[in-house]
Amino acid sequence: MTTQPVSLSRDLAEKQVMRAELSDVDMAVWRSASGVVSAWENRCPHRGMRLSHGFVRGESLACAYHGWHYNCEGACHYIPAHPELEPPKTIKANLYNVTEASGIIWVNAVGTVSPVTLPSNTQAVRSVSVHCSLEIAAQAFKDYCSLSPITANTRTEVVSESPYVLALKAPLPANSPTPSMQDKSNPVSVFIALQRVNQTTTVAHITASEHASETDCIALSRWANKVRTHAEVSVGSTE
Amino acid sequence: MSFTLHDYVLSGNCYKVRLLAQILGVAYTVKPVDFHPGKAHKTPEFLALNPHGTLPVLESDNTLLTDSSAMLVWIAQQFDTTHTWWPTNDAHRLALTVQWLGFSAKLTESIGQLRLHTMLNRPADAATLNTLSTENLRELENHLCEQSIRGLAFLTGDQPTVADIACFAYSALSPDAGIEHTLYPAIRGWLHRIRCLEGFLTMPGIYEAHETRNEHTAAS
Ligand SMILES: N[C@@H](CCC(=O)N[C@@H](CS)C(=O)NCC(=O)O)C(=O)O
Ligand code: FES
């Protein structure tokens, strides 16, 4: 297993916890008050409650069940039922390697995390989930790279096979409704990083060059929704 | 003018009315109805009040309402002195509010029905309801993605309206119907913003935002 994206950085605010699945590994991903992101096995060391149901307290994640607090290193440092007790060092959440780069949160559940190098001057567009395998989703984003409302002349480039990242270069013809994408001297690029949730669910995390306009980003968001429909229809017709 | 709410604590549609009343600081009388297991909303007495046999029902001196969206409008128009929850001063936002109130009824039909099936074992075509619920949540997610690109935090603009309350209930309760929010990041952000509103009210399955909880709270 390799590094994969789990969320756009924008969609995990300070003091928030979310659930993410990566090739069937269930995890709790959370951001502390100071902005540190952690990805842990979604299982409280105490009684196995999902940690994604918990809540962030400053630099700690608290379990929703009995309120045990874990710091950013995963160590339990507070047990509400025994406030005087210093919890043994052995009580520790199972940590995965996580990093943020190019506006995306990347995780590797089994080894070191090595994100794909993408331009840093990008903005978040959206994450869209597709009910199909990663391979079918990847093919659909490539095949439909010139589907309305982004059209013609789009070049695709597979930036990385694993994790799978596709780039769309300089989309859109002269009569497009999204003017900033046509600027030949400074073309907009779009990056699509795929997360394998499991065999039948994939999430596409989409970013675009910083200078893409609001209209461009909305067009991209609608396009991604259309690609999803196409990908899912193709699954339906082969079943 | 205050009112009486015929209410069931686990009903998403009743919760909408309680939530808006709480946010606007409106006092009212609650008449609990034994929806489950008593089926008190199907008794002749109740059907005389509301022939549809549904909850909630709102009664005041000169009004009897049997639709939660209508109740939200009635309450906002009377008690919201800021005119933001039912934005009658802005044709665009008012129209969008009506549009999303209409959408909220679809959520009752899909997620609401699936939740009754999941929690109370109501007979239903679960696969169809599941497909419908997913379609509805995707429509909401698509819209909220666009709103966030526009820098707008709520369904119709930068402030919540009765439509946000109406759509909030069953979107937030979808885990009760077996649909988690994991794959819906824009919905997640929007649910969180509503949970952070001043005067927010909880119900079983919908909790307050952790920021507003007391230090070291834990279930026992
Ligand atoms: N249009 C009505 C629908 C209300 C509705 O469906 N309520 C549910 C409870 S949340 C109900 O009473 N269902 C009757 C039943 O399932 O027996 C509204 O929005 O108030
Ligand atoms: S299960 Fe997490 S604190 Fe008990």
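The values are calculated or read from the model by the stated rules, or taken from the named source; none is laboratory data. Just so you know, these numbers come straight off a predicted model, no measurement behind them. Methodologically, a virtual Cβ is constructed for each residue, glycine included, from the backbone with ideal geometry; neighbour enumeration extends over all protein chains shown. With ligands, DNA and RNA removed, areas are computed over all heavy atoms of the protein, side chains included. Shrake-Rupley method; radii C 1.70, N 1.55, O 1.52, S 1.80 Å.
Below are the figures for this structure:
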item: Segments classed as strands (runs of 3 or more DSSP E), wholly inside the range A:152-199, with at least 3 members that are open to solvent by 70 Å² or more (accessible area, probe 1.4 Å) and either within 17 Å of residue A:140 (Cα to Cα) or at pLDDT below 95 (or both); result: none
item: Unique residue being aromatic (Phe, Trp, Tyr) and away from ligand 2 (no atom under 16 Å from the Cβ) when the list is A:96, A:78; result: A:96
item: Wholly enclosed strands (runs of 3 or more DSSP E) of the range A:1-80 bearing at least 2 residues more than 11 Å from chain B (Cβ to nearest Cβ); result: A:4-8, A:25-31, A:37-41, A:69-71, A:76-78
item: Elements of type helices (runs of 4 or more DSSP H) contained in the range B:124-201, each with 3 or more residues being surrounded by fewer than 22 Cβ atoms within 10 Å (Cβ to Cβ); result: B:126-149, B:185-195
item: Residue within the range B:86-106 that is in a loop (DSSP other than H, G, I, E, B), over 30 Å from residue B:142 (Cα atoms) and away from ligand 2 (no atom under 16 Å from the Cβ) present; result: no
item: Subset of the range A:58-68 [more than 9 Å from ligand 2 (Cβ to nearest atom) and in contact with a Pro (Cβ under 8 Å, 6 or more places away or on another chain)]; result: none
item: Matching residues in the range A:81-90 - criterion: being within 13 Å of ligand 2 (Cβ to nearest atom) and open to solvent by 30 Å² or more (accessible area, probe 1.4 Å); result: A:81, A:82
item: Matching residues in the range A:94-148 - criterion: being over 24 Å from residue A:210 (Cβ atoms), open to solvent by less than 20 Å² (accessible area, probe 1.4 Å) and assigned to a strand (DSSP E or B); result: A:107, A:108, A:129, A:130
